[in-house]
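Here's the structure we're looking at; comments come further down.
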Amino acid sequence: MSLSHQNPVAMRWFALAACALVGGCSTQVIVEAKFPTPLVQPLPVSVGILIPEELYNYIYTEDVPEQSLWTIALGDANVSMLQPLFKRMFRDTRSVDAVPAGSAPAGLDGVLKPTIAKFEFDVPVGQRDKFVEVWIQYQLSLYDADGRTVIDWTVSGYGKSELMRNRQDAVQKAAIVAMREAGATISTKFADQPQIKSWLGEKEHAATPGAGPQAAAKPEAQ
């Protein structure tokens, strides 16, 4: 296990401090929050969860004109939201290290890999706009037990927070709102995607006794 997994908060601060020394960062935000557990019925499948290093250690940087170089660390919040979310969405989950190549580990119906496809934020410069806005876009890639792509699903979230004296706090609050919106969409809309419905249907069919071509014919009545 890497050091970043053992002490993620320390690693975030180390990364931000290094950025400040090397790149002249002046505004840093570490997004941290506790997210509510979704009230959804678990899907009847066992799924491996692959959270890549870039999601664990996601840091967004942007040089905002007339402000400063912003550095926003989302890694801890990503894990805090997604791991409990996936655990609640499926009958069983376990951590895996890679997408299956040929076949998934025994007992798994597939592997789910989340990534961040896009992150944007806006902090007003003048006095007219009093709100900070954040947009986040996740991509959920689901692979079946043989490593074939079932779906690459893009989910967006939007957050807005009133601008306060501390702009970092406003950015953090807006980011949390955006992540919660994305999490709510994932938990309630995942099973509604046509590709997911088809995949779940195949799993249900395969699990039904007598559903496959190898099923024995019923014996004739004597």
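Here are a few things to note about the model shown:
- Unique residue being within 20 Å of ALA33 (Cα to Cα) and of a type in the set (Val, Ile, Thr) when the list is VAL123, VAL99, VAL111, VAL79: VAL79
- Enumeration of residues in region 29-71 that are buried (at least 16 other Cβ atoms within 10 Å of the Cβ), more than 27 Å from ASP92 (Cβ to Cβ) and touching a Leu at 6+ places or on another chain (Cβ under 6 Å): VAL31, THR71
- Filter result (in contact (Cβ under 8 Å) with a residue 40 or more places away in the chain and within 15 Å of the chain's Cα centre (by Cα)) within region 79-93: VAL79, SER80, MET81, LEU82, PRO84, LEU85, ARG88, MET89, PHE90, THR93
- The set of residues in region 137-189 being of a type in the set (Ser, Thr, Tyr) and assigned to a helix (DSSP H, G or I) consists of THR185, SER187, THR188.
- Within region 159-180, restricting attention to residues that are charged (D, E, K, R) and surrounded by fewer than 16 Cβ atoms within 10 Å (Cβ to Cβ), the residue that is farthest from PHE35 (Cα to Cα) is ARG165.
- Pick from region 142-158, criterion surrounded by fewer than 15 Cβ atoms within 10 Å (Cβ to Cβ) and of a type outside the set (Ser, Thr, Tyr), ranking: nearest to the chain's Cα centre (by Cα): ASP152
- Elements of type strands (runs of 3 or more DSSP E) in region 27-111, at least 1 residues being farther than 22 Å from ARG148 by Cβ and modelled with pLDDT under 95: 27-30, 59-63, 69-73
- Within region 112-136, restricting attention to residues that are among the aliphatic types (A, V, I, L, M) and either more than 30 Å from GLN168 (Cβ to Cβ) or part of a loop (DSSP other than H, G, I, E, B) (or both), the residue that is modelled with the highest pLDDT is LEU112.
The values are calculated or read from the model by the stated rules, or taken from the named source; none is laboratory data. Keep in mind that what you see is a predicted model, and the values were worked out from it rather than measured. No Cβ is skipped: glycine too gets one built from the backbone with ideal geometry, and neighbour counts run over all protein chains shown.
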